[in-house]
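Report on one structure; see the data block that follows.
The values are calculated or read from the model by the stated rules, or taken from the named source; none is laboratory data. Predicted model, so just to flag it, every value in this text is computed and none were measured. With ideal geometry, Cβ positions are generated from the backbone for all residues, glycine too; neighbour counts draw on all protein chains shown.
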Amino acid sequence: MTTGCSSGSEPRARPSPNQDERPAGTTVDTLVLHYTGMRNAGLALDRLRDPVAKVSAHWLVDEDGTILALVPETRRAWHAGVSAWAGRAGLNGSSIGVEVVNPGHEWGYRPFPEAQILAVIRLCRGILRRWPIPPARVLAHSDIAPDRKTDPGELFPWSRLAAAGIGRWPAACGEPVADPRASLRAIGYPVDLEGVSLELALAAFQRRYRPGRVDGHADPETRRLLGAVERLQFG
Ligand SMILES: [Zn+2]
């Protein structure tokens, strides 16, 4: 599926049966980014279209920048699983899911190629134009399921996306927060819910905002970043 260079061209349709109606009255207000976590793009695409697997996403972005359309954005794709953010559980109904091809931590996690990053930025900008998704609801799968998921992982270029208007990145750090648990909750992390311990939520936060140190410990730098992100959310 990586034949030819299609960066910049129209997305290709590869419909997945793993979709259904969004619940009545649901507003799409969340964007969730994933990595595929499989050995190669072909295997990932097969799985995302396999009726037995019951998983999908709206979009798949290959390493060469090819964008594949799997599920219409008006429909519910099955990408998030058991998940929660800011007090709301089960985010498939209200989100757009983008799968970014990468073997992931299990099969040889590696940097996301430039062509792929540019395609992700282009795709996400379009999604944010089409739907009322605030910056604070551009999320990693690991943000909404810290007990189960580590994707798209600490190599994902969140700061570049933020510079392109997709999500936010903390610019400067103030005082360390006194209560990391309260801060994580204020930001939206499902800490103490669904089996998510403080340590797992901290690791998810670090994977997103402090990629150089993902250890689940609330050291002063992590607590400063918690305060900075909290201010971004509500400042
Ligand atoms: Zn995922």
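A few points about this structure:
- Residue selected from the stretch 51-61 under the condition within 16 Å of the ligand (Cβ to nearest atom) and assigned to a loop (DSSP other than H, G, I, E, B), by the criterion surrounded by the most Cβ atoms within 10 Å (Cβ to Cβ): ALA57
- Tabulated pairs, the stretch 151-173, first farther than 19 Å from THR30 by Cα and touching a residue at least 60 places away in the same chain (Cβ under 8 Å), second within 16 Å of the ligand (Cβ to nearest atom) and part of a helix (DSSP H, G or I), C-beta under 8 angstrom, 6+ apart or interchain: GLU154/ARG207
To keep it simple, each residue is scored yes or no on (1) of a type in the set (A, V, I, L, M); (2) assigned to a loop (DSSP other than H, G, I, E, B); (3) within 16 Å of the ligand (Cβ to nearest atom).
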| position | (1), (2), (3) |
| --- | --- |
| ASN102 | no, yes, yes |
| GLU106 | no, no, yes |
| TYR109 | no, yes, yes |
| VAL120 | yes, no, yes |
| ALA136 | yes, no, no |
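- Against the test of being among the aliphatic types (A, V, I, L, M), assigned to a helix (DSSP H, G or I), within 28 Å of ARG125 (Cβ to Cβ) and modelled with pLDDT under 95, the options LEU161, LEU232, LEU225 yield a single qualifying residue, LEU232.
- Selection status of ARG75, surrounded by fewer than 22 Cβ atoms within 10 Å (Cβ to Cβ), free of Cβ contacts under 8 Å to residues at least 60 places away in the same chain and either within 16 Å of the ligand (Cβ to nearest atom) or not hydroxyl-bearing (Ser, Thr, Tyr) (or both): yes
- Meets criteria (of a type outside the set (A, V, I, L, M) and either surrounded by 21 or more Cβ atoms within 10 Å (Cβ to Cβ) or within 12 Å of the ligand (Cβ to nearest atom) (or both)) for TRP85: yes
- Residues that are within 16 Å of the ligand (Cβ to nearest atom) and in a strand (DSSP E or B), drawn from the stretch 88-99: SER95, ILE96, GLY97, VAL98, GLU99
- Scope the stretch 109-160; condition out of contact with any Lys or Arg (no Cβ under 9 Å at 6 or more places or on another chain) and of a type in the set (S, T, N, Q); matching residues: GLN116, SER159
- Qualifying residue in the stretch 142-162 (condition: farther than 17 Å from HIS58 by Cα, surrounded by fewer than 22 Cβ atoms within 10 Å (Cβ to Cβ), more than 16 Å from the ligand (Cβ to nearest atom) and of a type in the set (S, T, N, Q)): yes
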